[in-house]
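Reading through the C-alpha cells given below for one structure.
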Amino acid sequence: MNQSGNNTASANEIDASCRVPLLALFGGAALWLVLGLALGFAAAMSFHAPDLFAACSCLTYGHAQAAANDLLLYGFTLPAALGVVLWIFARLSQAPLALPIVPIVAANLWHLGVLIGTVAILMGDSTGHAWLEYPRESAVLLFAAFLLIAVSAVATMGFRSNRDLYPSHWFLFAALLWFAWTYSTANLFLLSAHPPRGVVQAIIGWWFANNILFVGLALLGIGIAFYFLPKFSGRPLPGTDYVLLAFLTLVFFGAWCGVPQGAPVPAWLPAVSAFAAMLSLLPVLAVTIVVWNIGRGAGVKCFGGPLCFIKFGILSFVATGFLYLISSCPSASRVLDFTWFGFGLSQWQLLGFMGMILFGAIYEILPRIMHRDLPFPRLTQASYFCFGIGVLVYVLPLMIGGVVQGIKLGDPSVPFADVGALVLLFIRASSLGQIGLLLGALCLLLNVLVLTAQWKLGLLKIVIAAVKAPLSASAGAPGSTSAGSPLSTSGEVKS
Amino acid sequence: MKTGFSVFLAAFVALGASWFGLVYAPLQQLGRAQQTVILHSTDVWPPQRTGDVTLGLQVYRASGCVACHTMQVRQTGMANEITLTDLKDHPATDFKEFLKSLMIAPPLDACSNGILANLDHWDGKVPVTLYSGDDGSVVAALADKLKPAGVKTVTGVLTSGPDLARGWGLRQSVAADYLYDQPVQLGNLRAGPDLSLIGIRAPDLNWHLQHLYAPRSLVKGSTMPAFRFLFELRKQVDGKSSPDALVLPPEFAPAAGLEVVPTAEARHLAAYLVSLQASAPLYEAPFTPVTAAK
C-alpha cells in the first residue's frame, strides 16, 4: 500500500467514499440480525410452551423459524458481506468506490426486499422451498439490488492501480458470480409460473442451498478472512499455492455437494454428491494449513478485538466444513439426516463462521469509514464473548441432540414420543445460547445506530451552520448563500 | 489467477459444470415424468388429487409444516422371499430330498447350501422360509419347480429399515411419489414423524382436525404447536353444537355456550393429510403388501 501515483487515492478518501453505502448496508444488516435472532428465539419458545402461539398464525413455529433463517441469510449475512466486499475491493484497488450512489440505492432496495419477504412468510405466503421462502416480488428486488452492488464492486475492482490480483479478489469475485447464478437459477425455476415437475424442485433446492450455505459463504468468509488475517497478524499470506488449491478445489468440487444420501431421486445424484463431498475435504484442509501458518507464532494478542472475531470465524469454518462433508457420507448421513444436527450445523455456518467474520470486519471498518471511534468500544468485547459463547451454547446442544436423535430413530424399538422427549432437553438447553446471541447482536446494533446518529447529528450541525451563516456573516459571500438544506446534505453525503 | 478474466473463467466453468450436472441433467431425466403403472396392476401412480386435497397442500405450505415433518421414507434392506405354506401329503424328508435334487441347475446351485441349511433342523412344520435374499431369480426358479410337485409356496418382496419398522412407510419413497406436488416439500427435519403414510396410519378426518386444534388431547407429550388459528371459536346456536363442531375432551373444550368449528383451511389440510398414502408397489420400489401374503 505504499505505492504513490496520481491514480492512487489516500486511505481516507477511499474510506470516505464507502461511508454512506456501507452504513446503509451495515445498519440494515444489524437490525435484521437482531430481528432474525428474536424470531428464532420466538420459534424455539414453541418447544418450551407448545401452545404459546396457538392463536397467532404469524409466530407459529413454521412461520417464525423460516423467517428467522431467511433473515439471518438475506437480512444480515449477505448485505453485510457485500458491504465488506465493496470496502475490500476499494482498498485493494487503492481507488475510491466506483458509482457510490448505486450501492446506496441498492442497499435500500435490498432491505425493502427483505422486509417484504419476511412479512410474506409471517403471513403464510412462503414459497415452501427451504432457504428460498421469499415470494417472487421480494426475490426480484433482492436480485436487482444484488446486481447493482455487484456492478459497483466489479467496477471498483476494475479501477485497481495494481493490476495483480490478491487472493481475496478470487474468492470475493467468485462469490459475486456464485450468488448471481444460483439465486437467479433457483428462483427462475422454482418460482416461475411453470415450475419443473416433481422431485426436480427438491434437487434444484439442494443445489442452491449447498452453493449458498457451503460454497457461497465459504468464498465470502475466506475471502474476507484472507484480507484481514495477514493485516492483523502482520504476516503475509504464506505462499499462494495452498490458497490457489483451496480456491480451485472449493469451486470445482464443493459445487457438486448437497444432494442428501438416500434421497428419493435417481441413485447417481447422491453418489456424485458423496464423491464430491470427499474431494471437498481438500479446500477445507488447505484453508486449515494456510490459517495455521498465519497464526502460528504470530503472537498478536486480541482480547475481543476484530482479530478475535475473524479467528473464531475461520476456526468455525474449518469445524463446520469438516462436519458438513463428513455428514454427507452415506454411513454418517443414515444417522444424521432428518435430525437437529443439520439445523444446528447451518446455524453454526451462518452465525459462528460468517457472522463472526462479519462482526470483526464491521468493527474494523466502521471507525475507518466514519473517521471517528466507535461510541462504545467496550461493547465490542462484550459482543465477542456474548456472540461467541452464544453460538456454541446454541449449536452444540442441537448437534449433539441430533446425533442422539439419529441413533434413537434408527432403533425402531424406541417409541417416537420417547425420542421427542429426549431431544426436547437439548433444544431447551440451546435456547440459552440464543439469549447470548441476541445480546451480542444488540451490542453491534447499538454501536452502528449510535454511530450513525452521531454522524447524522454532525451533518445536521453543518447544515444548520450553513443556513445560519449568511444571516450572521456578511451577505457578500456568494458560495454560502445557495446552501439550502437538502442540497448541502446530499453534497455532504457524497464527499 | 493473474487476471480477473482467468478467475471468472475458473468460477464460471466450475459452477457451470455443477449447474449442468445437478440442475440440467435431472431436468432432462425427470422433468417430463408421467404417471407410472403400479406393479401387478393396471392402475396408475400417483392418483390425481381432488380439489380440497390440492388446496390442503397449499395450507401445508403456508403453515410451514415442512419445518418439522419429512415426507420421505428410507429403506435400508429388501429381500426376495419364498415361503413354503403347505406340504400337502408329502413327508418332510421326501420334500428335503426333492429340494436337494433341484439344486443342480443354475441359478439354484449357487445358493444350495444356504437353502438346505435353512431346513437342517426343520421338523415339517409350515410355514417355513426357504430362501430370503437379494436374488429374485432364485425365488422365481424355486416357485416354478415346486409348483408341479403339488406343494404350495408364497413369494414376496420384503422391505425393511427403521422407518418402515416404525410404520412410517411400506417401501422407500421414490421420485414418482411427488409428481403432482407443487411445491415439493420433502422436509429435512423429523421434529415430528414422517407423513408419507399418515393417511393410512390415521385415516380419520376428525382425528386430524382435533389433532390440529389440540395435539396433546390425542398424542400425549406431543411437541407439535397447536394450530388454533385454523379454527373458529363461535357461539352455539340455541345451545346446540353444530354438526361440524369438534367434539373435544373436557380439558380442551371451550367455555360453555361456545363451539370450535374448523375453517375451510383446516378441512383442506386434514383432507390433504388423509390423502398421503404412499402405499403402491412400483417397479423401482417393489414390495408385496402384507395382507396379500397371508
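Here are the numbers for the structure shown:
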quantity: Qualifying trypsin sites (Lys or Arg not before Pro) in the stretch A:298-396, DSSP loop, other Cβ atoms within 10 Å at most 12; calculated: A:Lys301
quantity: Neighbourhood net charge (13 Å Cβ-Cβ; Lys/Arg +1, Asp/Glu -1) for A:Ala67; calculated: -3
quantity: Extreme residue, positive dipole direction of the stretch A:90-210, given options A:Ala193, A:Gln94, A:Phe143 (C-beta unit charges); calculated: A:Gln94
quantity: Expected 222 nm ellipticity per residue - DSSP helices of 4 or more, -39500 (n - 2.57), all of the protein assembly as shown, to 500; calculated: -18500 deg cm²/dmol
quantity: Per-residue average of Cβ from other chains inside 10 Å of A:57-69; calculated: 4
quantity: 5 Å binning of all Cα-Cα separations within the stretch A:242-366, expressed as whole percents from 0 upward; calculated: 2, 11, 16, 20, 19, 13, 9, 5, 3, 1, 0
quantity: Along principal axes, Cα extents of the stretch B:73-155, largest first, whole Å; calculated: 43, 25, 24
quantity: Length-normalised contact order for the stretch A:1-83 - Cα pairs under 8 Å, 6+ apart - percent; calculated: 40 percent
quantity: Rounded if a/c under 1.5, otherwise prolate or oblate - the stretch B:1-106, Cα gyration tensor axes; calculated: oblate
quantity: Alpha-carbon centroid distance for the pair the stretch B:261-278 / the stretch A:300-353, whole angstrom; calculated: 39 Å
quantity: Mean separation of Cα contacts under 8 Å, 6 or more apart, over the residue count of chain B: relative contact order %; calculated: 27 percent
quantity: Mean shadow area of the stretch A:1-132 over all directions, Cα convex hull, nm²; calculated: 9.3 nm²
quantity: Sorted largest first, extent of chain A alpha carbons per principal axis (Å); calculated: 92, 57, 49
quantity: Residue mean of other protein chain beta carbons inside 10 Å, B:219-226; calculated: 6
quantity: Anisotropy class of the stretch A:360-442 from Cα gyration tensor, a/c 1.5 cut; calculated: prolate
quantity: Å³ per residue enclosed by the Cα convex hull of the stretch A:251-310; calculated: 111 Å³
quantity: Shielding by partners, peptide B:193-199 (average Cβ within 10 angstrom, other chains); calculated: 1
quantity: Extent along principal axes [Cα atoms of the stretch B:1-58; Å; largest to smallest]; calculated: 62, 31, 12
quantity: Alpha-carbon gyration tensor eigenvalues x 5, square-rooted, for the stretch A:92-161, Å; calculated: 31, 11, 7
quantity: Between helix A:167-190 and chain A: long-axis angle, C-alpha atoms, 0 to 90°, nearest 10; calculated: 60 degrees
quantity: Calculated over the stretch A:196-267: convex hull of Cα atoms, volume per residue (Å³); calculated: 93 Å³
quantity: Segments A:457-470, A:394-407, A:319-332 sorted - mean Cβ within 10 Å per residue, highest first; calculated: A:394-407, A:319-332, A:457-470
quantity: P(r) histogram, all alpha-carbon pairs of the stretch A:149-204 included - 10 Å bins from 0, percent; calculated: 19, 36, 20, 17, 7, 0
quantity: Alpha-carbon centroid distance for the pair the stretch A:259-279 / the stretch A:64-118, whole angstrom; calculated: 33 Å
quantity: Share of Cα-Cα pairs in chain B lying beyond 35 Å, as whole percent; calculated: 45 percent
quantity: Stretchable slack from A:Asp241 to A:Asp418, in nm (0.36 nm times residue separation minus alpha-carbon distance); calculated: 58.6 nm
quantity: Alpha-carbon Debye profile of the stretch A:299-357, log10 I(q)/I(0) at 0.17, 0.22, 0.29 Å⁻¹; calculated: -0.59, -0.80, -1.09
quantity: Residue-count net charge about A:Ile121 - beta-carbon cut-off 9 Å; Lys, Arg +1, Asp, Glu -1; calculated: -3
quantity: Shape call, the stretch A:152-298: gyration tensor on alpha carbons, a/c limit 1.5; calculated: oblate
quantity: Over the stretch B:160-274: Kirkwood hydrodynamic radius from C-alpha pairwise inverse distances, Å; calculated: 16.1 Å
quantity: Listed residues A:Ile389, A:Gln454, B:Thr263: farthest to the positive end of the dipole of the protein assembly as shown (Cβ charges); calculated: A:Gln454
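Read the figures in this text as sums done on the coordinates, not as results from a lab. Because the structure is a prediction, the values reported are computed rather than measured. Because the Cβ atoms are built from the backbone with ideal geometry, glycine has one as well, and the counts that use them run over all protein chains shown.
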